[in-house]
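Structure first, then comments.
Values in this text are rule-based calculations from the coordinates and carry no lab data. Predicted model, so just to flag it, every value in this text is computed and none were measured. Here the Cβ positions follow ideal geometry from the backbone for every residue, glycine too, while neighbour counts run over all protein chains shown.
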Amino acid sequence: MSSVRSLILATVALATFPSWACAADQAPTIRTNADGPVKAAFPQQRNIEGYTLTIYAPQVRTWPEFKQFTASIAFALTPVGGAAPQYGTATVAGNTAVDLDNRIVRIDSPKVTDVTFTNPVPADYSAAVVNATTRDSLDVRLDLFLSYLAEDALPTTAPAGFNMAPPPIVVRSTPTALLFVDGEPVTFALPNSNLDMVANANWPLLRQRVSGA
């Protein structure tokens, strides 16, 4: 279950908000801790002991009385030596201070728990995530907290028949096209050929009638 949770949150963080999204062949713009006024922008990158940690925007879970918060974060940890990044999620908590003028919420001493990777990794990877996240304050845009409050005001009971089971999720770190077929394939014949076009796919999808490929 923890692996499913990690995959879901990593996918949400990488794909849901336009400010985090990037073209498939373009690396994301990283805002580092030294960037001053844009510290609260995400993704943020931190380096410690040869590791590089990329933190994506927190998904706020609780913010009682606007003083303490808990949130889930998705991250990518690049190990020492520049090996392939490892993806995962963690829980972040701490006391908050709101800067209304700059619309920033600062967490001065964040605490990190529940570090979960999508794949088995050495134990020191989790320690690197904790150390990199907690070594400095964490600044988050106030709008992310306000979106949590708006979501919290919505009904929490799912309507009858609503499927809460997560769909299969695939993580790729290289440029990849995601093909959707809405239900069973609906095909129509292309004139003067032995090909069928799948009409309910999000990309042009052809099927050869002779071989069924």
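Just a yes or no: is a residue in the range 127-135 touching a helix residue (DSSP H, G or I) at 6+ places or on another chain (Cβ under 8 Å) and under 22 Å from residue 63 (Cβ atoms)?
No - not one qualifying residue is present in the range 127-135.
Since residue 45 meets every condition but one in (1) touching a Pro at 6+ places or on another chain (Cβ under 9 Å); (2) under 24 Å from residue 174 (Cα atoms); (3) polar (S, T, N, Q), which condition does it not meet?
The failed condition is (1).
With the structure loaded, tell me whether residue 84 is of a type in the set (Gly, Ala, Ser) and not in a helix (DSSP H, G or I) or whether it fails that test.
yes
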